[in-house]
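See structure below.
The values are calculated or read from the model by the stated rules, or taken from the named source; none is laboratory data. Predicted model, so just to flag it, every value in this text is computed and none were measured. All Cβ positions, glycine included, derive from the backbone under ideal geometry; neighbour counts span all protein chains shown. Heads up: the accessible areas ignore ligands, DNA and RNA and are worked out on the full protein's heavy atoms, side chains in. Shrake-Rupley method; radii C 1.70, N 1.55, O 1.52, S 1.80 Å.
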Amino acid sequence: MARGLGRETMKEAPLRPRSQLSKALLLCLAPILCAQNGESPVSLPLAERFWLSGQANFITQYNPSFFAKYSGANSFGPGSEAATSRVLTLYTGARLTRNTEILFDLESAGGAGLSNALGIAGFTNLDVVRNTTLGSTPYVARVMLHQVIPLSSHYDDAVRGPLGLASKLPVRRLELRLGKLSTVDFFDLNGVGSDSHLQFMNWAADNNAAFDYAADTRGYTYGLVAEFYDRNYVLRFGEMLMPKVANGPELDWNVSRARGQNAEVELHFSPLRDRIGIVRMLSYTNVANMGSYRDAIQAYRSGKDPAPDITLHRRQGRLKYGFGINLEQSIRDGWRVYARLAWNDGRNESFAYTEADRSLSLGSDLRGSKWRRSQDKLGTAFLMEGISGDHRAYLALGGLGFILGDGALTYGREKIWESYYNVHTWRGIFLGGDIQRVWNPGYNQDRGPATVISFRAHIEDAVSFFAGGSH
């Protein structure tokens, strides 16, 4: 789940002029300062000038007891347990001109996850905050400047929402976003699996599990995203700040030594006539103060370290890179399928998202039109994650990652099946049930399988500022 920043990090925001991010700031601001086609917001319809909406998401999960030959400090607990999480978000936005807008979101996240969100790489609730010391005090989730640069005179209809307020956009355009955001607001999106509030709940279903995307503990970062749109394809690039330590709340503002860079090509085509099909191809590199699995293993085996500890073998400037392919296809009215396949090099420690170096997910959703419930939705997915040889050797020797660590390991790929059903009750109120079955939790054949049963209540609504407004 996308989250917020600590105060000490914000104090570090001033950058040296030579930094890459300060140059990016200037590049992003230039079109706004020099725009020739900007308009006063007074010339825009009142209904399109502002955005105000809110959402509340509550997830209660329960897991019955299951077999475990042994457990460690970061294991998913084998005893029965229940936990409830909540996420409340206020979305706001204002258009300064027809092509320039400011977006600002406040959020509060509270409650807890099963076993403190430890022990399963494809964890069962994306809304969970992994650092329970952060508390539920509201924080700034997003604050960004969004600039659209038209490159054609032809406009198509657009869906207004918290990340974009225009009802029409040029077919060919450049979009620039600068500020606090979530990397997965824009990269690795998928119409079937990207929303834990109305779709799947599992981390590996709603995101590419091997995409160790730049983020703090809550899932947010600061960065610049540039997107070029044409009718049948999109090119996007983002440069983001990395956390100072794995799964840490503070970001490193020195992009000469730490940064996350993301590039994605999105192609719109379909082998099925009159059906929407999208392929997204992703690559990313992370540079940060990462530990090496191999160094930690060698130090333990030589007797230098009493236990494998990757945090003792961090070095600034280490590199992690990975690739992913993301597919979605409409089969018929109300029925869609999706797939993700991803890989990262797995040499250095998992740093920001989860402990997965390879991932595969396949799934489908179906709207309830056939049974006269057009706003209801049924979804099912199969997920599988794996880790590199160095990563599995580290865990087998008793090493701890920021999510995994059973004290030992009999390796097997983690496999998960998830199914959900959402019921639309009234206006923006949805109730849902979900079941997940996890084989080899934490890649360990000596534990599990585990079953997690979930109930979700989701409420959302947006304000119409004028008759004929957006919602």
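Just subtract the alpha-carbon distance of Phe455 and Tyr62 from 0.36 nm times their residue separation and send over the number in nm, one decimal. Before the final figure, lay out the partial values.
Details: separation 393, 0.36 × 393 = 141.48 nm, distance 0.90 nm.
Between Phe455 and Tyr62, full extension yields an extra 140.6 nm.
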| remark: Any residue on another chain or 5+ positions along whose placed amide H is under 5 Å from the amide H of Met201 is listed here as none
| Given the Cα-Cα distance of Asp157 and Arg427 and 0.36 nm per residue of separation, how much length would full extension add, in nm? | 94.8 nm
| note | 1/(1 + (r/R0)^6) with r = Cβ-Cβ of Ser256 and Tyr321, R0 = 25 Å, i.e. FRET efficiency to nearest 0.05, evaluates to 0.85
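Based on the Cβ-Cβ distance from Tyr233 to Arg373, what FRET efficiency comes out when R0 is 22 Å, to the nearest 0.05?
On the way: r = 35 Å, r/R0 = 1.60.
It comes to 0.05.
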| How much accessible surface does Thr133 have with a 1.4 Å probe, in Å² rounded to 10? | 120 Å²
| field | Lysine pairs with alpha-carbon atoms under 21 Å apart, the chain, spacing 8 or more or separate chains | value | 7
| query | How large is ³J(HN,Hα) for each residue in segment 197-209, as worked out from phi by the Karplus curve 6.51 cos²θ - 1.76 cosθ + 1.60 (θ = phi - 60°), to whole Hz, x for Gly and Pro? | reply | 8, 9, 10, 6, 9, 6, 4, 7, 8, 8, 9, 5, 5
| Residues with amide H under 5 Å of Ala158's amide H, sequence separation 5 or more or different chain, H placed in the peptide plane at 1.01 Å from N; which? | Lys168, Leu169
| request: Would you mind working out the accessible area per residue for the chain, using a 1.4 Å probe, and quoting it in Å²? | output: 42 Å²
| field | Estimated vicinal HN-Hα couplings, Hz - segment 56-65 in sequence order (Karplus 6.51, -1.76, 1.60; Gly, Pro = x) | value | 9, 10, 10, 10, 10, 10, 9, 10, x, 5
